[in-house]
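S.K.: One structure, pasted below without further comment.
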Amino acid sequence: MVVMILVIAMTGCKTSKKVTENTTPLRNIQWNLLSIGGEILDTTAYSKQPCIVFGDDGKFNGNFGCNSFYGDYYQKKQKLDIDYLGSTKMLCNQMAVERAMLKAIKAEIDRFEIIDDVLILYAGKDEVIRFVSAGAIQQE
């Protein structure tokens, strides 16, 4: 009887860890630029919203605010390998964010996490760039 009470008591003391899974996918979402290296950026002066989209085909594309960019990526769970291939070369009035975003995209990004509707890309332990979801893109 005492053993049974101890077993019940010990079982009752176990805590269950609540795990919440993120349902926002990496792919087929337009991710709008939020910050680079922890610095929130004002992109309202740009003709286009700086953003990135990861497709189902292992390719990504986006916009720096004026110039478009593209490349390949490989994702397995939270691991992410980005291979920047190129961009258009227009001269624009606002180039500071373009340069900073290009440098961030070319960084040794190796993983990502999505918290609510925010995508964070990391190089090792360092946060490189952060985006916020603008919603799903239209599939052609």
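S.K.: Given the pairs Lys48/Lys125; Lys89/Lys125; Lys48/Lys76; Lys59/Lys125; Lys48/Lys79; Lys59/Lys79, which span a C-alpha to C-alpha distance of over 23 angstrom in this model?
M.R.: Pairs exceeding the cut-off: Lys48/Lys125; Lys89/Lys125; Lys48/Lys76; Lys59/Lys125; Lys48/Lys79.
S.K.: Per-residue HN-Hα couplings for region 46-54, Karplus 6.51 cos²θ - 1.76 cosθ + 1.60 at θ = phi - 60°, whole Hz, x for Gly and Pro?
M.R.: For region 46-54, the Karplus curve yields 7, 6, 10, 6, x, 7, 9, 10, 9 Hz.
S.K.: A further question on this structure: Work out the P(r) tail for region 26-136: percent of alpha carbon pairs separated by more than 22 Å, whole number.
M.R.: When every Cα pair of region 26-136 is considered, 22 percent fall beyond 22 Å.
S.K.: Hey, another quick one. Explain nothing, just compute: Karplus ³J(HN,Hα) = 6.51 cos²θ - 1.76 cosθ + 1.60, θ = phi - 60°, for every residue of region 57-71 in order, whole Hz, x for Gly and Pro.
M.R.: 8, x, 10, 10, 8, x, 9, 7, x, 9, 8, 8, 9, 7, x
S.K.: Using the 10 angstrom Cβ neighbour count as an exposure proxy, how do Cys51, Cys92 rank, fewest first?
M.R.: Fewest-to-most Cβ neighbours within 10 Å comes out as Cys92, Cys51.
S.K.: Each residue of region 114-127 in turn: what ³J(HN,Hα) in whole Hz from Karplus with 6.51, -1.76, 1.60 and θ = phi - 60°, glycine and Pro shown as x?
M.R.: 10, 10, 6, 10, 10, 9, 10, 9, 10, 10, x, 8, 8, 6
S.K.: Averaging sequence separations of C-alpha pairs under 8 Å and six or more residues apart, then dividing by the length of region 26-136, give the relative contact order as a whole percent.
M.R.: Relative contact order for region 26-136 comes out at 29 percent.
S.K.: Full extension from Gln49 to Leu34: what is 0.36 nm times the residue separation minus their Cα-Cα distance, to one decimal in nm?
M.R.: Separation in residues times 0.36 nm, less the Cα-Cα distance, equals 4.4 nm.
We did not get these values from a lab; they are worked out from the coordinates using the rules stated. If you're wondering where the values come from, they're calculated on a predicted model, not measured in any experiment. Please note: Cβ atoms are built from the backbone with ideal geometry, for glycine as well, and neighbour counts cover all protein chains shown.
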